[in-house]
Amino acid sequence: MITQACGYGRVSTQGQVEKGTHQYQENVVKEECKKLSYELVDFYADEGISGKNMKDRPGLQRLIKDAKSGKFDIVMFTALDRMGRNVRDILNLYHLLKEDLSLDLHC
């Protein structure tokens with residue numbers, strides 16, 4: 001059975017969006033999936049959005065919704081600070097994805 005993966009990327013500033021930082025994150029996730037023989041089913045992104053608040057990130061909210069529906073087995077991202085800037089939010093997200101939904105996380 002092939003592992004179904006999703007990726008997540010976030011860039012905070014418009015400058016990062018213009019430099020293609022989001023595309024870099026997506027490419028890293030794609031390469032890692034290829035290396036591990038995972039199927040990348042979706043890549044969720046929030047461009048030009050602060051990691052300060054999870055509720056204000058539509059890409060992350062869509063990821064959570066799809067995670068709850070069982071769309072993938074693992075969530076991949078390039079750095080922990082791409083998931084959030086607030087330790088409490090990161091821990092809450094970890095518990096939701098890993099503990100409640102039994103998904104793997106790969107950074």
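The values are calculated or read from the model by the stated rules, or taken from the named source; none is laboratory data. Model, not experiment: these values are computed from the prediction. Ideal geometry is used to build each Cβ from the backbone, glycine not excepted, and the neighbour counts take in all protein chains shown. Side chains are part of the model used for accessible areas, which takes the heavy atoms of the whole protein and leaves out ligands, DNA and RNA. Shrake-Rupley method; radii C 1.70, N 1.55, O 1.52, S 1.80 Å.
For the chain, the carbon plus sulfur part of the accessible surface works out to 49%, probe radius 1.4 Å. For the chain, relative contact order (Cα pairs under 8 Å, six or more residues apart, normalised by length) works out to 34 percent. The residues of the chain have, on average, 58 Å² of accessible surface per residue, using a 1.4 Å probe with all protein chains present. Within 11 Å, Cβ to Cβ, of Met54, how many net charges do the neighbouring residues add up to if Lys/Arg are +1 and Asp/Glu are -1? Around Met54, the surrounding residues sum to +3. Here each label is just a point 7 Å from Cα along the line to Cβ, and for Asn53 and Asn92 those points are 1.2 nm apart. With every protein chain left in place, what is the accessible area of Glu31 in Å² (1.4 Å probe, nearest 10)? Counting only protein heavy atoms, Glu31 exposes about 110 Å² to solvent. Taken as entire DSSP H runs, the helices of the chain never both span 20 Å or more between Cα atoms along their own long axis and average 1.0 or more on the Kyte-Doolittle scale.
Modelled spin labels at Leu36 and Tyr24, positioned 7 Å past Cα toward Cβ, are 2.1 nm from each other. Close amide H contacts of Thr3 (hydrogens built in the peptide plane, cut-off under 5 Å, sequence separation of 5 or more or a different chain): Glu39.
The lysines within cross-link reach of Lys35, meaning a Cα-to-Cα straight distance under 28 Å and a gap of 8 or more places when in the same chain, are Lys19, Lys65, Lys68, Lys71, Lys98. When the surface is traced with a 1.4 Å probe over the full set of protein chains, His106 keeps roughly 50 Å² accessible.
Classify the chain from the C-alpha gyration tensor, please: rounded if a/c falls under 1.5, else prolate or oblate depending on whether a/b exceeds b/c. Since a/c reaches 1.5 but b/c is at least a/b, the shape of the chain is classed as oblate.
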